[in-house]
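Down below is the structure, laid out as C-alpha cells.
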Amino acid sequence: VRPAVAPHATSRKKEKRRMMSDEELTWGAASFCTVKRRRLREKRLHSVIPIHHINFCLIGPTGTGKSSLIHTCWRALSGSSVSDPGLLERLRLAWSAQNNQEIGNKNGGLRAKHGTTELTSYALQTTSSPAWTSIFVQDTKGQQFFDEEETSFVQRVVHGYMRAGSTAEKQAMYFWAMLARAGLGGLVKRAKLAHSPHAIVLVFDLTLRSFQRAIKGQDNSLLDCYRQVANTAKELGLPIFAVLTHVDVYELTVNDSAKLTHQEKDSQEERRIGEDVAHDIQTFGRQLATAIGQDLLPADRIFPITNYHASANNRNDAIELAALDFLSAVVDAAEVHLLQQTTTAKNRHAHGRSREQLQKNSTLQEKCYLS
C-alpha cells in the first residue's frame, strides 16, 4: 500500500516540476535570467501583508548612475532587447541625450535633458493579478555637498515623509509654510506603508577617487551622510543595500593600465588581470561595509552592477543576471520588513483593544460596586 501524501506536498511537487522546464535546466546566464525573471514576475507576498507591491529607494551622490540602474533593472525584468523611449525620457539619462540636447520646460525656459532633480517613482514591474507583486523604485536627487540640508532631506526620504516631486529646496519652503499654518505636528506625519520605502539602496561609483578615499578612511564627509541614513534605516527596521556602479569602466581602466606595463605578456596574463579586477571590486565592497558598519550594511548586501549605457546597450545576459540577483535580494528583504511592520501594527491594535476592554470592564465593576 502506497503511503498517503499530503495535498500540500503534492502541490509543491507540481509547482517544482512546472518551474523546472527543459529551458531552465540548461546551463548559462540566459537560463538563470529566465528563472529569476519568472520568479520575480510571479512573486507572491505573504498573505498577512495588506499591500501587493514593493517600494525601494535609491540614494547616492550625483552622477553615480542611479537613473541608469533603474533603466538596467527595467531591462532585466522585462527581458526586452530595446529600451523604452518613454522611460528614457522620464529618466533623462545623460548617455541618452544626443549632443547634450536641451528641451523646453513648461515655463518656456531650457533644462538639461539629464539629471534627477526631484523624488520620482518608477514602475519596474506591474502585474495584472493582485496576487502577484508589483515593484516600484524611487529615484532621488543626488548629493553634491553632503551638508546638513542634503543629509536632512535624505533622512526624511528614508522616514517616508517626502512625496513625489519633492526636492530639498521645495521641502525648505514647505517647512516654513506648514510651520506658519499647522505647527510642527503637521510635519512629522509619516507616509502610509503603501507609499513609504520598504528598502533603502545606496548607490556609489567605484571609479571615483572620492569614494575610494572615503572607504579607506581618508575622507569622512561623503560617508558620514550615508552612515546616518543607514542608522535611520536600522531604527525603522528597513533593510539597506548598496550597489557599486561603473564596473565596466573600472575594468577598462585597470586592463588598459596593465596592458601598458605588460605588453609582452600572453593571454593567460590578461585573464589573470581580469581576476585581479574582480578581487579589487570585492575589496571595495568589504571596505565599504566596514566604513558604513557591518551591522548596518553587511558585505553580502553589496552588489557590483554594470549598467546599460550608450556604448553597451545591446542585450547582455551577464548584466541582467547581476541586476536580477540584486532585485531578488531587495524584494525578499522588503517582504520580511513588510511582514514585521504588519505584525507589529496588528499586535499594537490588538493590545489597544484589550486595554480599552479592560478599562470598560473596570468602569462597569465600579458602577456595580457603587450601586
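Tally Lys/Arg at +1 and Asp/Glu at -1 over every other residue whose Cβ is under 10 Å from the Cβ of Cys225; what's the total?
Working: positive: Arg227; negative: Asp147, Glu148, Glu150, Asp224.
Around Cys225, the surrounding residues sum to -3.
At 7 Å along Cα-to-Cβ for each site, give me the label-to-label distance between Glu89 and Gln340 in nm.
4.2
Each residue of the range 139-152 in turn: what ³J(HN,Hα) in whole Hz from Karplus with 6.51, -1.76, 1.60 and θ = phi - 60°, glycine and Pro shown as x?
9, 10, 5, x, 8, 10, 10, 6, 8, 5, 5, 5, 5, 5
Simple spin-label model, 7 Å along Cα-to-Cβ: Val249 to Asp280 in nm?
Here the answer is 1.4 nm between the modelled labels.
Across the range 213-230, in residue order, what do the Karplus-derived ³J(HN,Hα) couplings come to in whole Hz, using 6.51 cos²θ - 1.76 cosθ + 1.60 with θ = phi - 60° and x for Gly and Pro?
Couplings: 5, 5, 6, 8, x, 8, 8, 8, 5, 5, 7, 4, 4, 7, 5, 5, 4, 5 Hz.
If a/c stays under 1.5 just call it rounded; otherwise compare a/b with b/c (prolate if a/b is bigger, oblate if not). Do that for the range 189-228, with a ≥ b ≥ c from the square roots of the Cα gyration tensor eigenvalues.
Values: a/c = 4.94, a/b = 2.52, b/c = 1.96.
The shape class here is prolate.
So if each residue of separation counts as 0.36 nm, and I subtract the Cα-Cα distance between Arg44 and Asp295, what length gain in nm does that give? Don't jump to the answer; show the numbers that get you there.
Values: separation 251, 0.36 × 251 = 90.36 nm, distance 2.87 nm.
Full-extension gain reported as 87.5 nm.
Given the protein chains as shown and a 1.4 Å probe, how many square angstrom of His46 are accessible, to the nearest 10?
Number for this one is 80 Å².
Can you list residues from other chains, or at least 5 along the same chain, whose modelled amide H is less than 5 Å from the amide H of Ala199?
Cys57
Using a 1.4 angstrom probe on the protein heavy atoms only, could you order Lys141, Lys66, Lys216, Lys192 from most to least accessible area? Before the final figure, lay out the partial values.
Working: Lys141 75, Lys66 15, Lys216 115, Lys192 155 Å².
So the residues, ranked largest to smallest area, are Lys192, Lys216, Lys141, Lys66.
The values are calculated or read from the model by the stated rules, or taken from the named source; none is laboratory data. Since the model is a prediction, treat every value here as computed from it, not as a measurement. Ideal geometry is used to build each Cβ from the backbone, glycine not excepted, and the neighbour counts take in all protein chains shown. Keep in mind that these areas ignore ligands, DNA and RNA; they rest on the heavy atoms of the full protein, side chains included. Shrake-Rupley method; radii C 1.70, N 1.55, O 1.52, S 1.80 Å.
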